[in-house]
Amino acid sequence: MPEPIRVVLVDDQQLVRAGLAMVIGAQTDMVVAGQASDGVEALELLADCAADVVLMDVRMPHLDGLETTRRLIDAADLAGCEPPKIVMLTTYDLDEYLLAAIKAGASGFLLKNAPPEDLLAAIRTVRDGDAVVAPSATRRLLAHVATGTGSISPDAADPRLEVLTDREREVLELIARGLSNAEISAELFLSETTVKTHVRHILTKLGVRDRVQAVVVAYESGLAGR
């Protein structure tokens, strides 16, 4: 049997942590490896506790989820090791915090009222090295940002986009629209294996950790939302 996914819960509301722990604990392929009530506790916990995925609240006392994410990623980079995958948990009115967290290295975000199956799917998705950009809630948030009401605004053309092939740019635009590999496959009449190869090349050429950071590049460069 493969090792279960080790999940750490970081939220200042005990009731929220208890609910998350109940849902995660009922899965055969997951285990709650630890809990923290704020960013300071989380950094202390994760210094000694091995974790695959961290569910991180955005707003917390003492140290918020944004700064905690940045410090976790920076510490891992300094140590030359792989950081845990971080999924931000938030509400609609925090787009600017989410996008900053994604730039810092978070692998995605979910709304706190997301169905349990979306939460579990997100944990499995980021553990497998992908990012959470497909759920409908995320699509709505990205659409909200693309209209100019969020914190991303198109800058001058990103030189990194110049190294992408035409097909890779097509795939990136569809990623930015929130499409999954299967949906991109159907849209472009390609096999999923080919789509995965294109995604891997896009991430390498853009120098980003995962597809959600590629989405940020697409919006900032103006490639998406045209």
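The values are calculated or read from the model by the stated rules, or taken from the named source; none is laboratory data. Everything quoted here is computed from the prediction, not taken from an experiment. Every residue, glycine among them, receives a Cβ derived from its backbone with ideal geometry; neighbour counts consider all protein chains shown. Accessible surface is based on the protein model in full, side chains and every heavy atom, while ligands, DNA and RNA are left aside. Shrake-Rupley method; radii C 1.70, N 1.55, O 1.52, S 1.80 Å.
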If only one of Val216, Val195 is touching a helix residue (DSSP H, G or I) at 6+ places or on another chain (Cβ under 9 Å) and in contact (Cβ under 8 Å) with a residue 60 or more places away in the chain, which one is it?
Val216
Filter result (at pLDDT below 90 and either in contact with a Phe, Trp or Tyr (Cβ under 6 Å, 6 or more places away or on another chain) or open to solvent by less than 50 Å² (accessible area, probe 1.4 Å) (or both)) within region 150-173
Gly150, Ile152, Asp158, Leu161
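Before we move on, is Ala218 loosely packed, with under 14 Cβ neighbours inside 10 Å and at pLDDT below 95? Before the answer, list the steps.
Details: loosely packed, with under 14 Cβ neighbours inside 10 Å: no; at pLDDT below 95: yes.
Spelling it out, it is not the case that Ala218 is loosely packed, with under 14 Cβ neighbours inside 10 Å and at pLDDT below 95.
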Between Lys196, Lys205, which is assigned to a helix (DSSP H, G or I), within 16 Å of Asp158 (Cβ to Cβ) and open to solvent by 30 Å² or more (accessible area, probe 1.4 Å)?
Lys205
